[in-house]
1. Criterion first (within 21 Å of ALA343 (Cβ to Cβ), hydrophobic (A, V, I, L, M, F, W, C) and either modelled with pLDDT of 95 or more or touching an Asp or Glu at 6+ places or on another chain (Cβ under 8 Å) (or both)) does VAL89 satisfy it?
2. Report, by residue number, each residue of the stretch 115-165 that is buried (at least 20 other Cβ atoms within 10 Å of the Cβ), of a type in the set (Ser, Thr, Tyr) and either within 12 Å of HIS97 (Cα to Cα) or at pLDDT below 95 (or both).
3. Restricting attention to the stretch 208-218, does a residue exist that is outside the structural domain of THR96 (by TED's automatic domain parsing), in a loop (DSSP other than H, G, I, E, B) and either buried (at least 16 other Cβ atoms within 10 Å of the Cβ) or at pLDDT 95 or above (or both)?
4. Search the stretch 221-243 for residues that are within 20 Å of GLU378 (Cα to Cα) and pair each with any residue that is surrounded by fewer than 19 Cβ atoms within 10 Å (Cβ to Cβ) and acidic (Asp, Glu) when their beta-carbon atoms are under 9 Å apart and the residues are at least 6 apart or on different chains.
5. Across the stretch 280-296, what is the number of residues that are touching a residue at least 60 places away in the same chain (Cβ under 8 Å) and either in contact with a His (Cβ under 8 Å, 6 or more places away or on another chain) or not assigned by TED's automatic domain parsing to the domain that holds ARG182 (or both)?
6. May I ask you to verify whether SER339 is surrounded by 18 or more Cβ atoms within 10 Å (Cβ to Cβ) and at pLDDT 95 or above?
7. Being out of contact with any Ser or Thr (no Cβ under 9 Å at 6 or more places or on another chain), closer than 26 Å to TYR252 by Cβ and small (Gly, Ala, Ser) is the filter here, so list the residues in the stretch 331-363 that pass it.
8. Do the conditions hold for VAL89, that is, is it touching a Phe, Trp or Tyr at 6+ places or on another chain (Cβ under 8 Å) and more than 30 Å from GLN311 (Cβ to Cβ)?
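The values are calculated or read from the model by the stated rules, or taken from the named source; none is laboratory data. Not measured: the values here are computed from a predicted model. Neighbour counts run over all protein chains shown; Cβ positions are idealised from the backbone, glycine included.
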Amino acid sequence: MSVMAASNTVKYGIVGVGMMGREHLINLYHLRSEGVAVVAIADPHLPSQKLALDLAHSFNWPIKYLRKKVWCFEGHRELLDSLLCDVVVVSTPNMTHYQILMDIINHRKPHHVLVEKPLCTTVAHCKEVGRSEVVNSARKRQDMLVQVGLEYRYMPPVAKLIEIVKGGSLGQVKMVAIREHRFPFLVKVNNWNRFNINSGGTLVEKCCHFFDLMRLFAGANPVRVMASGAIDVNHKDEIYDGKVPDIIDNAYVIVEFDNGSRGMLDLCMFAEGTKNEQEISVVGEIGKGEAFVPESIVRFGTRVDGRNGVQTLKAENDQIKYDGLHHGSSYLEHLHFLSAIRAKAKAPAVDLHDGLVSVAIGVAAQLSIEKGRFVTIEEVMN
């Protein structure tokens, strides 16, 4: 009998309790009324361990889960071998995802997994995780779900725009434009996110979210990518172990899809002086829709009704109990994943293929900047 079958409580372990790992901890705390408990964490970085443990104690999780000798581990393998957890959240640095995922997938006890984006830093590693016989058999056995943390889908204004597009109000989508103008990358443990080799590159690390949304809006698969980007402002005066960061801080990316639609990303990471961090525009044959974050405003209208017929609404979701760093989307992500686990769903809402394609577009965009030409998805997939 599995741990979860013996109890109504779904027991979570978090691997990697830096900023995002602790964000997951807080979200799961706000899900406690749904029968959730965090029972273990793993992280080799002692300051992160302490911050997470202090946070967990402040939440007053049931005392039986707070014995440090079984609660806190330095590595993910020890956490897995403890057999304490039903679900593992992976929120470690990008370059570690592949090995951790393979270890979870191949462990003797099946664990459901929520892995932070990007799924992996390379297409090859994403494909290898997806090809795993254990994962494929788990789809049949329904004892292991692996969801990728592309939570921007759940932001209320984005979710509302997806609903409008899928409802056909705009007609067949022809163009998707996403603008993210924001602050530079935050400081992470050992500054791992300052280098492409660790993160996969800015267009993988940060922008897989937006490439995932483009696919959703277009309702199609990417064919080829053209990008232009550079390091113009951020991190140029930083040096780590004698090396200067190589991550780009701005780019334009064009993505062509197999149904003839196109997407464009406008990324700038030195644009703090802006009202909305994300602006999304979707234009179909008969109408246009827009979403704005963090204003949480959605606008949509048709060509026939023109400017005076544009509707504006405030996008809200009463289910959200904690807004957090991503405007409630991480909370909804956990809520949906928990529902899928309890329903013994055949697949999660955001699966390994979604994770793979979002990474592939980012890799193609990075390669396009390097080579100065269009890059096909087939090229990076092979």
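1. Details: within 21 Å of ALA343 (Cβ to Cβ): yes; hydrophobic (A, V, I, L, M, F, W, C): yes; either modelled with pLDDT of 95 or more or touching an Asp or Glu at 6+ places or on another chain (Cβ under 8 Å) (or both): yes.
Taking the combined requirement at face value, the residue satisfies it.
2. Residue satisfying the conditions is THR121 alone.
3. Taking the stretch 208-218 and keeping what is outside the structural domain of THR96 (by TED's automatic domain parsing), we get 208-218.
Checking which are in a loop (DSSP other than H, G, I, E, B) leaves us with none.
Checked the stretch 208-218: no residue is outside the structural domain of THR96 (by TED's automatic domain parsing), in a loop (DSSP other than H, G, I, E, B) and either buried (at least 16 other Cβ atoms within 10 Å of the Cβ) or at pLDDT 95 or above (or both).
4. Filtered contacts from the stretch 221-243: ASN221/ASP258; PRO222/ASP258; VAL223/ASP258; VAL223/GLU378; ARG224/GLU378; ARG224/GLU379.
5. 2
6. Details: surrounded by 18 or more Cβ atoms within 10 Å (Cβ to Cβ): no; at pLDDT 95 or above: yes.
When the stated conditions are applied, SER339 does not pass them.
7. GLY355, SER358, ALA360
8. On the way: touching a Phe, Trp or Tyr at 6+ places or on another chain (Cβ under 8 Å): yes; more than 30 Å from GLN311 (Cβ to Cβ): yes.
Yes.
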